[in-house]
Amino acid sequence: MSSDLMGAESNVQRIMSTGTVWFAAAIGSVAVFCGLLLSSGWRPAVLSAGLRVLWWIGAGAVSASVALIGWSGCPILETSVPVANRNKTVTMQVGTATFIAGSALAVLAVLLGP
């Protein structure tokens, strides 16, 4: 018996179920990172102007990525399974890549700061 694991319907179901897990992991990691950072007394204002810009670019990218990942995992289809497959695949991939890049920028700004 053959199954089409990368077929549109299977892929959309997989993205909607794993997208929920990725969304929770993204929210949790941001909460832990920011919670520990802010509870230590750190604020973006302690950074130099260039590092502050780097921090806010990274923070903005992470925020956008969480929205993309959350939308990917949302169990609502826009119009049809083929359209949802294309859109959810792209938003999950872009969201994950943006989360990694934005996190790296924000952490780099913190590490290079005082």
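Things to note:
- Of Cys74, Val53, Ala8, farthest towards positive along the dipole that unit charges on Lys, Arg, Asp, Glu beta carbons give the chain: Val53
- Net charge dipole size for segment 1-95 [Lys, Arg +1 and Asp, Glu -1 on Cβ; Debye, nearest 20]: 340 debye
- Mean separation of Cα contacts under 8 Å, 6 or more apart, over the residue count of segment 34-114: relative contact order %: 47 percent
- Simple rule: put +1 on each Lys or Arg Cβ and -1 on each Asp or Glu Cβ in the chain, find the dipole, and look at Ala26, Thr91, Gly41; the Cα lying farthest toward the positive end is Gly41.
- Fluctuation leader among Ala67, Ala25, Ala45 - the chain, Gaussian network, Cα springs under 10 angstrom: Ala45
- Computed from backbone phi, the HN-Hα couplings of segment 47-61 come to 7, 5, 4, x, 5, 5, 4, 4, 4, 6, 5, x, 5, x, 5 Hz, rounded to whole numbers (Karplus: 6.51 cos²θ - 1.76 cosθ + 1.60, θ = phi - 60°; Gly and Pro given as x).
- Ordering of 55-64, 6-15 by packing [mean C-beta count within 10 Å, highest first]: 55-64, 6-15
Laboratory data are not the source of any read-out in this text; all were calculated from the coordinates shown. Keep in mind that what you see is a predicted model, and the values were worked out from it rather than measured. Neighbour counts run over all protein chains shown; Cβ positions are idealised from the backbone, glycine included.
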